[in-house]
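S.K.: Take a look at the following structure, please.
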Amino acid sequence: MVTDPISDLIIRIKNGSDAQKPVVTVMYSKFVENVAHALKKAGYISSVTKKGKVFTKDLELGLIHLDTGARINGVERISKPSRRVYIKSQDIRMYRSGFGNSFISTSKGIMTDVEAKKNKVGGELLFKIW
């Protein structure tokens, strides 16, 4: 049983990307699916597909590989189950001079730092990816 599905998601994506895998599979939940769609919208993964039956659903995520190497070079989990980290909209800063993104769980859904700043909403700072 996975106690932190978001950490599991981002680490599986990072490891699959490092190993040049075309697809990775993660356990399904609505929250993980929403995070995966936000990653797809930001251009870190290519596809999100539900697989399986009612009780054994999985998400299949297509990874993007560039000629220069992996699309994802690193991930960092910020808010953990033992310690939640929240951020106000005015405190959101650009990450790695725009070469990385922070993902934030807001009242309007999962967003990147740029979208949250534009919509003037804060929330739980989930993870950073570059």
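S.K.: Select from the range 33-47 the residues that are assigned to a strand (DSSP E or B) and not hydrophobic (A, V, I, L, M, F, W, C) and write down the one among them that is most open to solvent (accessible area, probe 1.4 Å).
M.R.: Top of the filtered list is SER46.
S.K.: Within the range 112-126, can you find the residues that are crowded, with 20+ Cβ neighbours inside 10 Å and within 17 Å of ASP4 (Cα to Cα)?
M.R.: LEU125, LEU126
S.K.: Another question, then. Of all residues in the range 12-30, count the ones that are assigned to a helix (DSSP H, G or I) and either under 10 Å from the mean Cα position of the chain (by Cα) or exposed (fewer than 15 other Cβ atoms within 10 Å of the Cβ) (or both).
M.R.: Total satisfying the criteria: 4.
S.K.: Going through the range 91-102 one residue at a time, which ones are in contact with a Phe, Trp or Tyr (Cβ under 9 Å, 6 or more places away or on another chain) and open to solvent by less than 60 Å² (accessible area, probe 1.4 Å)?
M.R.: TYR95, GLY100, ASN101, SER102 - these are the residues of the range 91-102 that are in contact with a Phe, Trp or Tyr (Cβ under 9 Å, 6 or more places away or on another chain) and open to solvent by less than 60 Å² (accessible area, probe 1.4 Å).
S.K.: Next question, about the same structure. Is it the case that ILE64 is touching a strand residue (DSSP E or B) at 6+ places or on another chain (Cβ under 7 Å) and either crowded, with 19+ Cβ neighbours inside 10 Å or aliphatic (A, V, I, L, M) (or both)?
M.R.: Taking the combined requirement at face value, the residue satisfies it.
S.K.: Next question. Among the residues of the range 48-61, write down those that are open to solvent by 40 Å² or more (accessible area, probe 1.4 Å) and either among the aliphatic types (A, V, I, L, M) or free of Cβ contacts under 8 Å to residues at least 24 places away in the same chain (or both).
M.R.: Once the filter is applied, which keeps residues that are open to solvent by 40 Å² or more (accessible area, probe 1.4 Å) and either among the aliphatic types (A, V, I, L, M) or free of Cβ contacts under 8 Å to residues at least 24 places away in the same chain (or both), the range 48-61 yields THR49, LYS50, LYS53, VAL54, PHE55, THR56.
S.K.: Quick one: would you say LYS88 is within 16 Å of PHE127 (Cα to Cα), at pLDDT 95 or above, loosely packed, with under 14 Cβ neighbours inside 10 Å and of a type outside the set (Gly, Ala, Ser)?
M.R.: So LYS88 fits the description; yes.
S.K.: Could you tell me which numbered condition SER105 fails, if it satisfies all but one of (1) open to solvent by 20 Å² or more (accessible area, probe 1.4 Å); (2) polar (S, T, N, Q); (3) over 24 Å from VAL2 (Cα atoms)?
M.R.: Looking at each condition in turn, SER105 falls short on (3).
S.K.: Right, another one. Got a sec? Which strands (runs of 3 or more DSSP E) wholly within the range 48-130 have at least 2 residues that are under 18 Å from ALA38 (Cβ atoms) and out of contact with any helix residue (DSSP H, G or I) (no Cβ under 8 Å at 6 or more places or on another chain)?
M.R.: Output list reads 58-63, 123-129.
The values are calculated or read from the model by the stated rules, or taken from the named source; none is laboratory data. This is a predicted model, so every value here is computed, not measured. Using ideal geometry, Cβ is built from the backbone for each residue, glycine included, and neighbour counts are taken over all protein chains shown. Protein only, heavy atoms only, side chains kept; ligands, DNA and RNA dropped before computing areas. Shrake-Rupley method; radii C 1.70, N 1.55, O 1.52, S 1.80 Å.
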